[in-house]
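K.L.:
To start, I am sharing the structure in question, which I have written as structure tokens.
The values are calculated or read from the model by the stated rules, or taken from the named source; none is laboratory data. Keep in mind the model is a prediction, meaning the values are calculated, not measured. Note: ideal-geometry Cβ built from the backbone for every residue, glycine included; neighbour counts use all protein chains shown.
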Amino acid sequence: MSSNTPTPTLARLGWHTFFERQIDDARRHLHAARVIGQHHERLRIQHEHGIHDAAVAGALRHAGRLPVVGDWVLFADYGGTARIEACLHARSLLARRAAGTRLAEQAIAANVDIAFIVSACNDDFSPRRLERYLALTLAVGMRPVLLLTRADLTDPTPYLAAAQTVAAGHPLLAVDAHAAETATRLRPWIDAGETAVLLGSSGVGKSTLVNRLLGREFAATAAIRNEDSKGRHTTTARNLYLLEGGGCLIDTPGMRELQLTGDEAGADQAFPELSRYAGQCRFSDCTHRHEPGCAVRAALERGEIDAARWESHEHLRREQAANARRLGDAHERHRQEKVWGRMVRDALNAKRRRREE
Ligand SMILES: Nc1nc2c(ncn2[C@@H]2O[C@H](COP(=O)(O)OP(=O)(O)OP(=O)(O)O)[C@@H](O)[C@H]2O)c(=O)[nH]1
Ligand SMILES: [Mg+2]
Ligand SMILES: [Zn+2]
């Protein structure tokens, strides 16, 4: 069992009046639990009295969102097997466009307050990827903290300097993920009742940081490949751990691809120095491409805005808009297929009934 406290209170697991308010009389007989483990469709939940493997009720599968790690769910106990009957609305939901060509949104974790965005001081490091993670987490109201690992193996100064140009004022630290001192530095960011998630490519040290913060070797870790600094995708499931003294920590598998969906606000929030100028253009709907009186282009020409940052912002905005549109279309198609399917079914049933009469 992955729990380090056998019977935590719901508050200790991150329970909140926001969830309490969602339980109406029709659901009083169900029990609340938090999803602490997710491996493909297999879920593990924890509540005041223990930990269960849980199955998702068929009705929930067809209507609503499938629960992911960090979600609060309501379950019924059927002689030792837990069946999840409802997934409560999340305070925050981290999602990306699913990797590959499938046009689907993939939820990564729910009800998260703090995102530790982890990069390593090696070939993995990419300021553009940091911007992407910042846009993703800021869009859903998380507090990002940028971490640069492997600071014990190389001089982190140039990495810190490069990361500083994209950090947009959010905390940035270079750490040795193995050092006990690192846990002491990170711990104050996670208050009791809050949940943090570790995000980043495979091999950057997410699980190593989890183990350091828990003070025990809970999560498996593995050495990266020396020739290209790439990780081995050691973590394959998403797990939520309880921290000593309150707070929760979610370890995630390294992501190969991170495509923005949903909210355009994130792409703007990750570039606060640009929005300052955008408000000053002559036209309020300026696209900053060809309009006269464009404050953004003027600032670019004066060198007050970094051209690479501007390019990156435009790229993320376009990607976000295209994915939001495609996903919207996919949702709509899916909805229409369901409506169509129901019409066909109804027509066939009516025909059969007429035959039987
Ligand atoms: N020296 C040193 N080694 C580190 C540091 N961070 C991670 N490592 C090592 O890098 C390797 C990969 O670390 P993991 O914690 O497994 O990486 P991960 O991000 O969880 O990777 P996935 O689970 O594949 O996504 C392990 O051998 C760690 O010991 C660090 O700050 N310093
Ligand atoms: Mg891992
Ligand atoms: Zn403009």
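K.L.:
Take the residues in the range 262-283 that are farther than 24 Å from Arg129 by Cβ and assigned to a loop (DSSP other than H, G, I, E, B); name whichever of them is nearest to ligand 1 (Cβ to nearest atom).
P.N.:
Per the criteria, the residue is Gly279.
K.L.:
Could I ask something else about it? Considering only the range 284-295, I want to know if a residue exists there that is in contact with a helix residue (DSSP H, G or I) (Cβ under 9 Å, 6 or more places away or on another chain), more than 16 Å from ligand 2 (Cβ to nearest atom) and in a helix (DSSP H, G or I).
P.N.:
Among the residues of the range 284-295, at least one is in contact with a helix residue (DSSP H, G or I) (Cβ under 9 Å, 6 or more places away or on another chain), more than 16 Å from ligand 2 (Cβ to nearest atom) and in a helix (DSSP H, G or I), which makes the answer yes.
K.L.:
Oh, and also: Given the conditions (1) within 23 Å of Ile305 (Cβ to Cβ); (2) within 16 Å of ligand 2 (Cβ to nearest atom), report the number of the one that Ser202 does not fulfil.
P.N.:
Result: Ser202 fails condition (1) only.
K.L.:
Check whether at least one residue in the range 292-302 is away from ligand 3 (no atom under 16 Å from the Cβ), modelled with pLDDT of 80 or more and not acidic (Asp, Glu), and report yes or no. Break it down into steps so the answer makes sense when it comes.
P.N.:
Here is the first cut: in the range 292-302, the residues away from ligand 3 (no atom under 16 Å from the Cβ) are none.
Among the residues of the range 292-302, not one is away from ligand 3 (no atom under 16 Å from the Cβ), modelled with pLDDT of 80 or more and not acidic (Asp, Glu), which makes the answer no.
K.L.:
Still on this structure, I have one more. Looking only at the range 268-316, how many residues end up being among the polar types (S, T, N, Q) and under 25 Å from the mean Cα position of the chain (by Cα)? Before the answer, list the steps.
P.N.:
Narrowing the range 268-316 to residues among the polar types (S, T, N, Q): 269, 275, 280, 284, 287, 312.
If we keep only those that are under 25 Å from the mean Cα position of the chain (by Cα) as well, we get 269, 275, 312.
Going through the range 268-316 one residue at a time, the tally reaches 3.
K.L.:
Right, next: Suppose we filter Val175, Val140, Val197 for residues that are under 30 Å from Leu274 (Cβ atoms), among the hydrophobic types (A, V, I, L, M, F, W, C) and at pLDDT below 95; which single one remains? Even if it seems obvious, please write down each step before you answer.
P.N.:
Working: Val175 fails: at pLDDT below 95; Val197 fails: at pLDDT below 95.
One residue alone meets the criteria, Val140.
K.L.:
Test Pro156 against the stated conditions and say whether it is of a type outside the set (D, E, K, R) and free of Cβ contacts under 8 Å to residues at least 12 places away in the same chain. Before you say what the answer is, go through the steps one by one.
P.N.:
Details: of a type outside the set (D, E, K, R): yes; free of Cβ contacts under 8 Å to residues at least 12 places away in the same chain: no.
No; evaluated as a whole, the condition is false for this residue.
K.L.:
Can you tell which of Ala174, Ala196, Ala192, Ala180 is within 16 Å of ligand 2 (Cβ to nearest atom) and of a type in the set (Gly, Ala, Ser)?
P.N.:
Details: Ala174 fails: within 16 Å of ligand 2 (Cβ to nearest atom); Ala192 fails: within 16 Å of ligand 2 (Cβ to nearest atom); Ala180 fails: within 16 Å of ligand 2 (Cβ to nearest atom).
After ruling out the rest, the residue left standing is Ala196.
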